[in-house]
Every structure is written in C-alpha cells, then in structure tokens.
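Everything on this sheet refers to the single structure shown next.
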Amino acid sequence: MHPRRHVPLVPQLLLALACLSPPAMASAHGFTLLGPVAMAGDRLPQAQVADAFGCHGGNRSPALRWLRVPPGARSFAVTAFDMDAPTGSGWWHWIAYDLPAGTTRLPAGAGTADGAGLPAGARQARNDFGAPGYGGACPPAGDAPHRYVFTVHALDVDALEIPADATPAMVRFLIHRHAIAQASVTARYAR
C-alpha cells in the first residue's frame, strides 16, 4: 500500500474562492456601480467633502453610473453611508429613491436639496444632517480615514410608498425590503 501524498488544501481553497468572488463594486448578477473614484478604496475627491463643520469641500454628490442592470429592476435607490462615523450606527450622507427604471446614471451635483438634478419622480429622504439631499464627508479631525460606501439598489417596485415625513430608517427599511440587487463602491477620506 502506498501512502497518499498530502496536498495542502488552503491555497487551493483560497484560489477557488477568489475566482468565485465578484469584484467589490459588483453584485452577483454583474450589476456594477462606477462611482466617485477610479478604484474602490481611493481617496474621496474634495468635491464630495462637506463645506461645514471645519471641512472645506464642494459638498456635491458624485457622478454615478451603473451597468448590467438585473432583470426585474423597476426602479433604483442610491445611498451614501459612512460606516466609520463615531455614532455607533454610522452616518447616512444621502438617500435618493424612486429613480425610474431607465435611469443608469446621475450627474455630479444631482443630490441638491431641491432634487432638481434627479430624474422626474425621484425623491430624497433626510440624511443624518437632517436635510434632504447629499451631505458631504466631514469626519472628525484626527480620525483614521473613514469609508464612504456609495450603493445603487435595484428595486422590484416602480416607487416606494413612503409618506413625505418618513424617517430615514423607514426609507432604508423599504429599500432593503424591495432590493433585488445592489452594487457598491467605497472611497476613503480623512482630514
């Protein structure tokens, strides 16, 4: 009887998992978000930084574009979230929803408080600054770089049935309830 040759499984397993894992910005369906930076993890541009609380940026929502929309997408939502904010629950910088099914991009600056740059019918919830629209990054001075996650959610409904005074948490709950796919890109910022 010949002894079996032992082949380490860890490198083979890691290689197999790497081949199965989609890129950080794509979903399992190939749904992909192209965001405010060239590659995930890059520094958030100054245009997307707040112009308040000691920060001096453009306070403009980034240009976003998404590709390979999954079948069944009837509308979209876009969110921007700082997962490292020292609040215990992160910080929501932007929540836009009811973007029509044919939408595949938003221009820079679309997230103004009045929503004038958004497609017809789109709405915005209050962010954690307490106002509708995009609120730029402004982490506490001296913090390690914060991660800002921009996500497009493909939804299975034409519009979310949300009252005008709904809390941001209620809007996010309904987004997650109706999401059939999502794609994200993450940028970092510190001051």
Residue among 131, 113 that is under 17 Å from residue 58 (Cβ atoms), surrounded by fewer than 16 Cβ atoms within 10 Å (Cβ to Cβ) and in contact with a Pro (Cβ under 6 Å, 6 or more places away or on another chain): 113
Residue in the range 152-161 that is within 23 Å of residue 60 (Cβ to Cβ), touching a strand residue (DSSP E or B) at 6+ places or on another chain (Cβ under 7 Å) and surrounded by 17 or more Cβ atoms within 10 Å (Cβ to Cβ) present: yes
Given (1) farther than 30 Å from residue 132 by Cα; (2) aliphatic (A, V, I, L, M); (3) at pLDDT 50 or above, number of the condition residue 1 does not satisfy: (3)
Residue in the range 97-116 that is within 15 Å of residue 182 (Cβ to Cβ) and either touching a helix residue (DSSP H, G or I) at 6+ places or on another chain (Cβ under 8 Å) or among the hydrophobic types (A, V, I, L, M, F, W, C) (or both) present: yes
Residue that is among the hydrophobic types (A, V, I, L, M, F, W, C), on the phi < 0 side of the Ramachandran plot and touching a His at 6+ places or on another chain (Cβ under 6 Å), where the choices are 187, 179, 108: 179
When residues of the range 79-96 are limited to those that are touching a His at 6+ places or on another chain (Cβ under 8 Å) and either of a type outside the set (A, V, I, L, M, F, W, C) or part of a strand (DSSP E or B) (or both), the one surrounded by the most Cβ atoms within 10 Å (Cβ to Cβ): 80
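The values are calculated or read from the model by the stated rules, or taken from the named source; none is laboratory data. Remember, predicted model here, so these are calculated numbers, not experimental data. Don't worry about glycine lacking a Cβ; one is built from the backbone with ideal geometry, like all the others, and counts go over all protein chains shown.
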